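Here is the structure we will look at.
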Amino acid sequence: MSDIRTIGILGGGQLGRMLSVAASRLGIRCHIYEPGTSPAADVAWRVTHAPYDDQDALRTFAESVDVITYEFENVPTSALDLLEKICPLHPNRKALSVSQDRVTEKTFLNEIGLTTAPFADVPDEDALAGAIERIGRPSILKTRRMGYDGKGQVRIGDGPAEWTGAPSVLEGFVDFTAEISVIIARGRDGQVAAFDPGLNVHREGILRTTTVPCGLPSRVTTDAVLCAARIANALDYVGVMGVELFVTPAGLLVNEIAPRVHNSGHWTQAGCAVDQFEQHIRAVAGLPLGDGKRYADVVMENLIGDDMDRVPELLSTPGVQVHLYGKGDPRPGRKMGHVNRIGT
Ligand code: AMP
């Protein structure tokens, strides 16, 4: 067994909540560090509510745990400087810094031989016209940092181009046939276990459903897993990572890396003996990785905002596993829970 008794998790959202539950099944307790309100607080052993620049709180947190991980990739590097001096961090600093900035991320992916959408760095509004000339239209302007669920993105069509207000990247618009993602785990010893790639459908930039099997030829799914494994190895990664890819007639393009458990991996809770949350806990605790095989067909659907009105009906539908995050108000666009429909 591992000598890890307590895991510190930076971020206390629904991912931290589900990680805490998975850890508890393995006899490991979690200490959550979260500046805001925390759905993970209901289920974790201990919670620290403090900002990421509170040096005393960070130090006390790091001293109370055996290893630190995160469920949120935008942790300021100044906080990591302090934490890393006290306690090991998995996934490592490089994985975080690569995924925090879209230009750094795409440059890294190209350097390790993977294809991305064509892109141009747009440090300020004055650089936008030149970038559009190089990349062409249609294209998508995204803030380099802090964007998620389609936030901080502007579609550039034929009309005048809107500025995002922050340093950005301009990406060529990819006419994809499908969006898929690979959830992959890598252990401390370099062992890798990938879950089956899932087919993702987004609406208004937010993930709505993930379906497994994804229905694509195994030539494509194998290639997707190989892309994810190459990324994990290149980063000397420890933990679970989500890799989002575009499927095009010319091959796969990597859209984004999430250095953490990922929304498109929630189906594993109903499809696998060891889900992505337990797999992450195993990896960061130095335990053997679990069996990533898929034992059922699953469609995961996010419950967003008013979808909460459907919960009573979903609770009485056979073959449906309901997960609710214990958040307060069901505001539009807010992820409140998800369901896994098992079977075809
Ligand atoms: P992202 O925040 O980069 O994951 O983007 C959110 C969603 O916008 C993606 O899942 C795609 O559906 C769409 N999208 C992002 N980038 C592109 C692109 N370069 N071309 C076409 N669609 C895109």
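Legend: residues Thr143, Thr317, sorted from most to least accessible area (1.4 Å probe; ligands, DNA and RNA excluded), read Thr317, Thr143. Solvent exposure of Tyr52, expressed as accessible area, is near 30 Å², computed with a probe of 1.4 Å over the protein chains only.
Computed on protein heavy atoms with a 1.4 Å probe, the accessible areas place Trp267, Trp45 in the order Trp45, Trp267, largest first. Once all protein chains are placed together, Lys94 keeps about 100 Å² accessible to a 1.4 angstrom probe. The distance separating the Cα centre of region 278-307 from that of region 215-258 comes to 17 Å. The share of accessible area on region 6-89 that comes from carbon and sulfur is 47 percent, using a 1.4 angstrom probe.
Across Arg102, Arg282, the residue with the most accessible area heads the list, and the full order at a 1.4 Å probe is Arg282, Arg102.
Given their separation in residues at 0.36 nm each and the Cα-Cα distance between them, Gln153 and Asp291 gain 45.9 nm when the chain is fully extended. Accessible surface area normalised per residue over the chain is 42 Å², counting heavy atoms of protein chains with a 1.4 Å rolling probe. The charge dipole of the chain, taken about its Cα centre with unit charges on the Cβ of Lys, Arg, Asp and Glu (plus for the first two, minus for the last two), comes to roughly 700 debye. Under Stokes-Einstein, with the Kirkwood radius over Cα pairs as Rh, the value for region 180-249 at 25 °C and 0.890 mPa s is 195 µm²/s. Applying Stokes-Einstein at 10 °C and 1.306 mPa s to the Kirkwood radius of region 231-279, computed over alpha-carbon pairs, gives a translational diffusion coefficient of 131 µm² s⁻¹.
If you find the alpha carbon centre of region 126-174 and of region 59-76, how far apart are they in angstrom? Cα centroid of region 126-174 versus Cα centroid of region 59-76: 33 Å apart. Under 19 Å of direct C-alpha separation, and excluding same-chain neighbours fewer than eight residues apart, Lys327 reaches these lysines: Lys335. Averaging 1/r across all pairs of distinct Cα atoms in region 118-172 and inverting the result yields a Kirkwood radius of 10.8 Å. Entry for the chain at q = 0.07, 0.11, 0.12 Å⁻¹: log10 I(q)/I(0) = -0.28, -0.73, -0.88, Debye formula applied to identical alpha-carbon scatterers, no solvent contribution. Stretched out straight at 0.36 nm per residue, the stretch from Asp329 to Ala250 would grow longer than its current Cα-Cα span by 24.1 nm. Translational diffusion coefficient of region 178-342 (Stokes-Einstein, Kirkwood radius from Cα pairs, 4 °C, 1.567 mPa s): 80 µm²/s.
The values are calculated or read from the model by the stated rules, or taken from the named source; none is laboratory data. None of these values were measured; they are calculated from a predicted model. Virtual Cβ from ideal backbone geometry, glycine too; neighbours counted across all protein chains shown. Remember, those area values only see protein heavy atoms, side chains included, never the ligands or the DNA or RNA. Shrake-Rupley method; radii C 1.70, N 1.55, O 1.52, S 1.80 Å.
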